[in-house]
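Structure first, commentary second.
Just so you know, all these numbers are worked out from the coordinates, no wet-lab data involved. The structure displayed is predicted, hence computed values, not measured ones. Note that we place each Cβ from the backbone using ideal geometry, even for glycine, and neighbour counts take in every protein chain shown.
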Amino acid sequence: MRFFIASLLAATASAHYTFPALVAGGSTTSAWQYVRKTTNYQSNGPVTDVTSTQIRCYELAPGTGAQTYEVAAGSTLGFTAQTSISHPGTLQFYMAKVPTGQTAASWDGSGDVWFKIFEQGPTISGGSLSWPSQGKSSVTVSIPKSIPSGEYLFRVEHIALHSASSAGGAQFYISCAQVKVTGGGNGSPGPLVAFPGAYKATDPGIMLNIYYPVPTSYTPPGPKVWTG
């Protein structure tokens, strides 16, 4: 019995994942070099409470020593998924500009400061859902060309929906990297939201049964995407 329970726990943990490193220009940084070390860096477990401050960056502790990565506006940047995105669900990227007088290394990302730059729901065809991010070992996005230059928090979020038929069943896998955007423009990112605050546990993109009856449409939670 002990062996069975241990095997079950190991299998469950192996199905979970983290986003520990940045991917840019065909290269991968070291784990937690520019990404704030997350609470699940060992367990790989998810956040399930959308009202918790952990829904913001899932940080192990403030000031974990991450460096700030320089990236040009308009270029591609992303995260590795360790070991891979094993669950079905929606992928989203957010950014938040660091206020004047603070740095990406010290700022906590609180307040109505986050704007969405990417969302990816399922392909719905033939009575089934197909999730493009499932099985991926890395995910990337283009930094909007007109985003103002400066320091930002860069947040990846994958919402696993395999157990999301009741409130609190969705699993959030999150990381925040510290970046400095160069060569930006004069865009006005928005709408701006706060974490926690942007989501409710009962939002239709968070609480749903993806298996039966199979949804005929899906809208990711949160604000509209700012395209820049």
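Among the residues of the stretch 123-160, those that are assigned to a strand (DSSP E or B), at negative phi and among the small types (G, A, S) comprise S125, S128, S130, S138, S142, A160.
Determine whether E59 is of a type in the set (D, E, K, R), surrounded by fewer than 21 Cβ atoms within 10 Å (Cβ to Cβ), out of contact with any Pro (no Cβ under 8 Å at 6 or more places or on another chain) and within 23 Å of P223 (Cβ to Cβ).
Yes.
Once the stretch 28-75 is narrowed to residues that are polar (S, T, N, Q) and more than 25 Å from G111 (Cβ to Cβ), the residue that is nearest to the chain's Cα centre (by Cα) is N44. Taken as a whole, the structure leaves K37 outside the set of residues that are in contact with a Phe, Trp or Tyr (Cβ under 6 Å, 6 or more places away or on another chain), crowded, with 17+ Cβ neighbours inside 10 Å and under 27 Å from P144 (Cα atoms). Determine whether the stretch 172-193 contains at least one residue that is in a loop (DSSP other than H, G, I, E, B), under 15 Å from the mean Cα position of the chain (by Cα) and either buried (at least 16 other Cβ atoms within 10 Å of the Cβ) or not small (G, A, S) (or both). No: zero hits.
Any residue that is closer than 17 Å to P20 by Cα and charged (D, E, K, R) - is there at least one of those in the stretch 99-113? Scanning the stretch 99-113 turns up no residue that is closer than 17 Å to P20 by Cα and charged (D, E, K, R). Under the condition of being touching a strand residue (DSSP E or B) at 6+ places or on another chain (Cβ under 9 Å) and among the polar types (S, T, N, Q), the residues counted in the stretch 167-217 number 6.
Is the stretch 88-110 home to any residue that is outside any loop (DSSP other than H, G, I, E, B), within 16 Å of the chain's Cα centre (by Cα) and farther than 23 Å from G197 by Cβ?
No - not one qualifying residue is present in the stretch 88-110.
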